[in-house]
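Okay, structure first, notes after.
The values are calculated or read from the model by the stated rules, or taken from the named source; none is laboratory data. Small disclaimer: the values here were computed from a predicted structure and weren't measured. Don't worry about glycine lacking a Cβ; one is built from the backbone with ideal geometry, like all the others, and counts go over all protein chains shown.
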Amino acid sequence: MKQGLSKPPGIIFSYFIWAAFSAAFGWGGAAEAAQYPSRPITFIIPTQAGSAADLPNRLLVKAAEKYLGQPIVAVNKPGGSQAAGIAALAVSKPDGYTVGSTGHPGLFFAPIMEKVPYDPVRDFKQLMQFGALNIAVTVKGDSSFKNFRDLIAFARQNPKKLTYGTAGSGTAGHVLMELIAKKEGVQFTHIPFKGSPETQVALLGGHILVGTGGFTHTLFEAGQIRLVLMIAEKQSAIYPTVPIAKDVGYDIPAPMLLNVAAPKGLPEALAKKLEAAFTKAIHEPSFIKGMKDLRLDIVYRNSADLTAYVASNYEVFAKLLREMGLAK
């Protein structure tokens, strides 16, 4: 009687070794992707609750739950110009159950200006971009400063007397104002706060002359603050009369991205599933309405385009900050 073929002992041993490693490190291939996700997903937001970046991220995760079939729990981890939350994402297990936002300060400024425990380009799997933050230079509604050139003129005549507040050292507002000061040969005085809400309170209270960073659109619409400059790559359709940096002579990159990323090592099958879910989420009526209510533009880049975008902008800022003497 013909006997069935049997696997040599070496092959059987290798198979069990492979299976053990697959279980230990979460390598499940197509079978794992089919079952994913089987439990709630954590979404790390590296800013304060209620901040300019917090609200749109929460809108997105709520819309994406429909396409992943599990709750997505938003967790705020602020600190260190977003470096604290981004570092937490970097060291998370790449199993698809921890994703988050890696905003511009933690990608393009903090790693260049100070030591951080992650590489902004190599330590993340960028999944998609869904929007762009409104970052602006603001003054009180009744301020004598009518435009950005008024600020420069005041600073030129009054060294160090132009006080500007930001959401912290190493944020976009801080870095870009210092770059402008160096280009103009003037001196500002930087006042860091814990976040953009505190900056706005200080501005309205007259404790600083200028606020730089995120802002509350209702304050603008009520005339309590005036926008004298938007830090953006292109003119906002929502704020078409506010000049951007290039309009007033500053050719400074402004990658104010809102994005979704995961730790490096995320299996490609899970990455594709997450990218698809979050991409579908930006077409949800609730998300579109929410972004409109927040006065934020929806800006989309897929994983490949966003990965290249992050790498190129990091190189630009590394060169720029070294030239300005702001790099570590």
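On the basis of being part of a loop (DSSP other than H, G, I, E, B), of a type in the set (D, E, K, R) and in contact with a helix residue (DSSP H, G or I) (Cβ under 8 Å, 6 or more places away or on another chain), does D142 make the cut?
no
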> What are the pairs, 6+ residues apart or on separate chains, where a residue within region 182-204 that is farther than 19 Å from F145 by Cα has its Cβ under 8 Å from a residue that is of a type in the set (F, W, Y) and at pLDDT below 90?
Replying inline: K183/Y250
>> Being modelled with pLDDT of 60 or more, surrounded by fewer than 18 Cβ atoms within 10 Å (Cβ to Cβ) and in contact with a helix residue (DSSP H, G or I) (Cβ under 8 Å, 6 or more places away or on another chain) is the filter here; which residues of region 11-54 pass it?
In response: G29, A30, E32, A33, G50
> If we keep just the residues of region 100-131 that are in contact with a strand residue (DSSP E or B) (Cβ under 8 Å, 6 or more places away or on another chain) and among the charged types (D, E, K, R), which is farthest from L258 (Cα to Cα)?
Replying inline: D123
>> Could you tell me how many of the residues in region 168-220 are touching a strand residue (DSSP E or B) at 6+ places or on another chain (Cβ under 7 Å) and not in a helix (DSSP H, G or I)?
In response: 16
>> Out of K246, K234, I need the residue that is surrounded by fewer than 17 Cβ atoms within 10 Å (Cβ to Cβ), free of Cβ contacts under 8 Å to residues at least 40 places away in the same chain and either assigned to a helix (DSSP H, G or I) or among the aromatic types (F, W, Y) (or both). Which one?
In response: K246
>> Of everything in region 249-269, what is crowded, with 16+ Cβ neighbours inside 10 Å and small (G, A, S)? Give them in sequence order.
In response: A254, A261, A262, A269
> K115 fails exactly one of the following numbered conditions: (1) modelled with pLDDT under 95; (2) assigned to a loop (DSSP other than H, G, I, E, B); (3) in contact with a Ser or Thr (Cβ under 8 Å, 6 or more places away or on another chain). What is the number of that condition?
Replying inline: (3)
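Out of G96, G85, G80, which single residue is more than 26 Å from K234 (Cβ to Cβ) and modelled with pLDDT under 90?
On the way: G96 fails: modelled with pLDDT under 90; G85 fails: modelled with pLDDT under 90.
So the residue among G96, G85, G80 that is more than 26 Å from K234 (Cβ to Cβ) and modelled with pLDDT under 90 is G80.
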> Does region 305-328 hold any residues that are surrounded by 14 or more Cβ atoms within 10 Å (Cβ to Cβ) and polar (S, T, N, Q), and which are they?
Replying inline: T307, N313
> Taking region 298-328 on its own, how many of its residues are within 30 Å of E284 (Cβ to Cβ) and of a type in the set (D, E, K, R)?
Replying inline: 2
> Out of region 179-196, which residues are buried (at least 19 other Cβ atoms within 10 Å of the Cβ) and either of a type in the set (K, R) or modelled with pLDDT under 90 (or both)?
Replying inline: L179, G195, S196
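Residues to consider are A88, A110; find the one that is closer than 23 Å to V73 by Cβ, part of a helix (DSSP H, G or I) and touching a residue at least 40 places away in the same chain (Cβ under 8 Å).
Numbers: A110 fails: closer than 23 Å to V73 by Cβ.
Going through A88, A110 in turn, just one is closer than 23 Å to V73 by Cβ, part of a helix (DSSP H, G or I) and touching a residue at least 40 places away in the same chain (Cβ under 8 Å): A88.
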> Out of F109, F124, which single residue is surrounded by 17 or more Cβ atoms within 10 Å (Cβ to Cβ), at pLDDT 95 or above, under 25 Å from L326 (Cβ atoms) and in contact with a Ser or Thr (Cβ under 8 Å, 6 or more places away or on another chain)?
Replying inline: F124
